[in-house]
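The values are calculated or read from the model by the stated rules, or taken from the named source; none is laboratory data. Bear in mind that the values here come from a model prediction, so they are computed numbers and not experimental data. Ideal geometry is used to build each Cβ from the backbone, glycine not excepted, and the neighbour counts take in all protein chains shown. Areas reflect the complete protein model, heavy atoms only, side chains present, ligands, DNA and RNA absent. Shrake-Rupley method; radii C 1.70, N 1.55, O 1.52, S 1.80 Å.
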Amino acid sequence: MASTLQKFIHSLDLRALPRVLQIQSGIYCQDSVYEMFGNEFSLSTEEVIKVIGFKINKLIASICENNEVSQFSAKVELPLNFPGLYKIVADKTPYVSIEEIARKVSIGPTRFGHPSFYSTEDIKLANFTIKHDEQITFNSVEEIHGMMAVNCVVVRNNQSHSFTLPLSQEGEFYECEDDQIYTLKEIAVWKIPKGRNRIVKLSNTLHTWDSSSPLPENFDGCLILMPVYEVQAVMKFRKDIIHILSDLDVEVKDVTDCYDISSFFQPLSLEDIFERTSKEFPMVAEIMEGPSGNQKPYNLLSTGKEIVIYKKYQAARVLASEMRSDSSKRHYLIPMSYKGKFKRRPREFPTAYDLEIVKNEKENLHVVATKAFTSPHKELFSVSVGDQFLVQQCQTSEVLYEGRKKLIGVLACEQILSDSYKKVLLPMYMEGGFVEVIHDKKQYHVSEICKEFHLPFNVKVSVRDLSIEKDVLAAAPGLQFEEEITDSYLLISSASSPVESWEIPVYRLNMLVRLLSKEVQTAAPPVTRTTVEEVSEEEYYMLRRYENLTLHPPPRPPKKPT
């Protein structure tokens, strides 16, 4: 049965891809040639295309009042890179089964793909009962004993309980409140259910308002977002990918069951390649759709070029940011293979507790006070601006408080006087300000800094990496190494002239390839070029926000006695 392209996409389950569609009718179907996203092609009546994917291309937004479109609101078009951070308003429309949730909501292995729901009734399982209104986190969908099910978790008394729910489980399920904040792109990719709109509340603008913004000045309310999808498809006799917006006025018919789907080219994303077994590498591939960007090696990955993919692996990177007072600071992922060297820069510490965290057994931490502090206890030291200290260790001390003795955490230090040292105790809750005094003139490689010091750590390039044509780190006034992360990479080279190989990130590079049945000349990759990857503001916030979820947060600083 024929339906509009938009209706077909809204009803389609991503897991059912690829699908073969036949064009039935529409204003673009009379052998018309048109251009979209730089691709010129024609869609004729009875033309057959294979849909390989779809994603939200843009959002149509309306100002929302009481969960409804405001009668005074005009619809505005928002690109996915529209600035700002947003909170999701929980959907008030229930889902009637686990199958409906799995079909409409993005559930996957990434940090975004773990939505939470609650049931209005108790759900009794074989050895476990889920209570009504209890938060259920959906982690993945898989086949278990021949039946499709969702792997779920509930947390009770700080303990996680894992179980599975079959897709056939019926009930009344509502979305839980989500206290995370997201960019518009993150919401578009992960947080808009198929066939539904999404209400969001602006949490942080990230940028100052200007007259070109489609939203009113000082707007801090809610928006209803309606997605417009971009359909990725291949045609019978073309190697490239075509892109069609879902609101195109065309009718289609699903003919997958009566068509040889293997007669089309099979494009693969970098994620698809990474999921292949290690035994399948190396492999030769042709780029069907290359990434954008002038930075090497992205400018070498043009459509039609053949590459060798040698292997997949996880690699360590240091996430670093420029030390600037303005908002234009740039962010980088630095590989451990970076051959440049760094000198230390002074760190700043807002509390005595921060001094305890970063002190190093190999050297005395020398700091200067930048803010005065008057101690409420005579047993503890009062700090003046300019006082210098060598940080020793954390301990407890007895102080007199309201006529009673009390044990509190303190930081033992030596105050540096003109010709001597004086032992003093600073309260751990002290809110002051300290800046580090650097005596170390040594130059360090990236790996040495990660091994010997506590991050974040301030540095400046002292010797640039001569193997990089343009070392962007050398021009930075200073860098803060914020944290060490692990990410997924593919090692590639040009198939025609494999003189050097490059590491490309799997999850930050939009690129489609098709595998070729060609022999790899040599399984050993050529020398790997070091690449410092600059990440966008959006990617930086995603890395910072979610990388830390795998780490145990440090304990809160001690509070002032009350």
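Computed on the Cα trace of the chain, the radius of gyration divided by the Kirkwood hydrodynamic radius gives Rg/Rh = 1.02. Taking every C-alpha pair closer than 8 Å and separated by at least 6 residues, the mean separation divided by the residue count of segment 348-436 gives a relative contact order of 38 percent. For residue 455, no residue whose modelled amide H falls within less than 5 Å of its own remains once neighbours fewer than 5 places apart on the same chain are excluded. On full extension, the segment bounded by residue 196 and residue 496 gains 103.3 nm, given 0.36 nm per residue less the C-alpha separation. Over the chain, Cα pairs under 8 Å with separation of 6+ residues give a relative contact order of 15 percent. Take the Cβ atoms of residue 11 and residue 75, set R0 to 25 Å, and the FRET efficiency comes out at 0.60.
Taking every C-alpha pair closer than 8 Å and separated by at least 6 residues, the mean separation divided by the residue count of segment 91-176 gives a relative contact order of 38 percent.
In this structure, the amide hydrogen of residue 345, modeled 1.01 Å from its nitrogen in the peptide plane, lies closer than 5 angstrom to those of 458, 459, 460, counting only residues at least 5 positions away or on a different chain. Shape analysis of segment 348-436 places it in the prolate category; the axes a ≥ b ≥ c from the Cα gyration tensor give an a/c of at least 1.5, with a/b above b/c. Checked against a 32 Å cut-off, the cross-linked pairs 185/312; 124/253; 124/191 give Cα-Cα distances beyond that limit for 124/253.
Quick one: plug the Kirkwood hydrodynamic radius of segment 91-176 (C-alpha pairs) into Stokes-Einstein at 10 °C, 1.306 mPa s, and report D in µm²/s. It comes out at roughly 122 µm²/s.
Using only the Cα atoms of segment 205-364, build the gyration tensor, take square roots of its eigenvalues as a ≥ b ≥ c, and label the shape rounded, prolate or oblate: rounded if a/c is under 1.5, else prolate if a/b is larger than b/c, else oblate. Oblate, because a/c is 1.5 or more while a/b does not exceed b/c. Scaling against 2.2 N^0.38 Å puts the C-alpha radius of gyration of segment 398-523 at 1.87. A simple spin-label model places pseudo-atoms 7 Å from Cα toward Cβ; at residue 155 and residue 401 they are separated by 3.0 nm. The fraction of accessible area contributed by carbon and sulfur in the chain is 48 percent, rounded to a whole number (1.4 Å probe; ligands and nucleic acids excluded). Would you work out if segment 148-286 is rounded, prolate or oblate? Take a ≥ b ≥ c from the square roots of the eigenvalues of the alpha-carbon gyration tensor; rounded if a/c is under 1.5, else prolate when a/b is larger than b/c, oblate otherwise. Cα axes put segment 148-286 in the oblate bin. Applying 0.36 nm per residue to the separation of residue 256 and residue 122 and subtracting their alpha-carbon distance, the gain on full extension is 44.2 nm.
Taken one residue at a time, the phi angles of segment 490-499 give Karplus couplings (6.51, -1.76, 1.60, θ = phi - 60°) of 10, 9, 10, 8, 5, 6, 7, 9, x, 8 Hz. Gly and Pro are set to x. The charge dipole of the chain, taken about its Cα centre with unit charges on the Cβ atoms of Lys, Arg (+1), Asp and Glu (-1) only, comes to about 1800 debye.
With n ≥ 4 as the cut-off for DSSP H runs, can you work out [θ] at 222 nm for the chain, using -39500 (n - 2.57) per run divided by the number of residues, rounded to the nearest 500?
After summing the helix terms and dividing by the residues of the chain, the value is -2500 deg cm²/dmol.
Rounded to the nearest whole Hz, the Karplus-based 3J(HN,Hα) values (6.51 cos²θ - 1.76 cosθ + 1.60, θ = phi - 60°) of segment 162-169 follow the sequence 9, 6, 10, 10, x, 4, 6, 5, with x at glycine and proline. Annotation: amide H of residue 58 within the under-5 Å range of 228, sequence separation 5 or more or interchain, hydrogens built in the peptide plane. Convex hull volume of the C-alpha atoms in segment 345-394, normalised per residue: 90 Å³.
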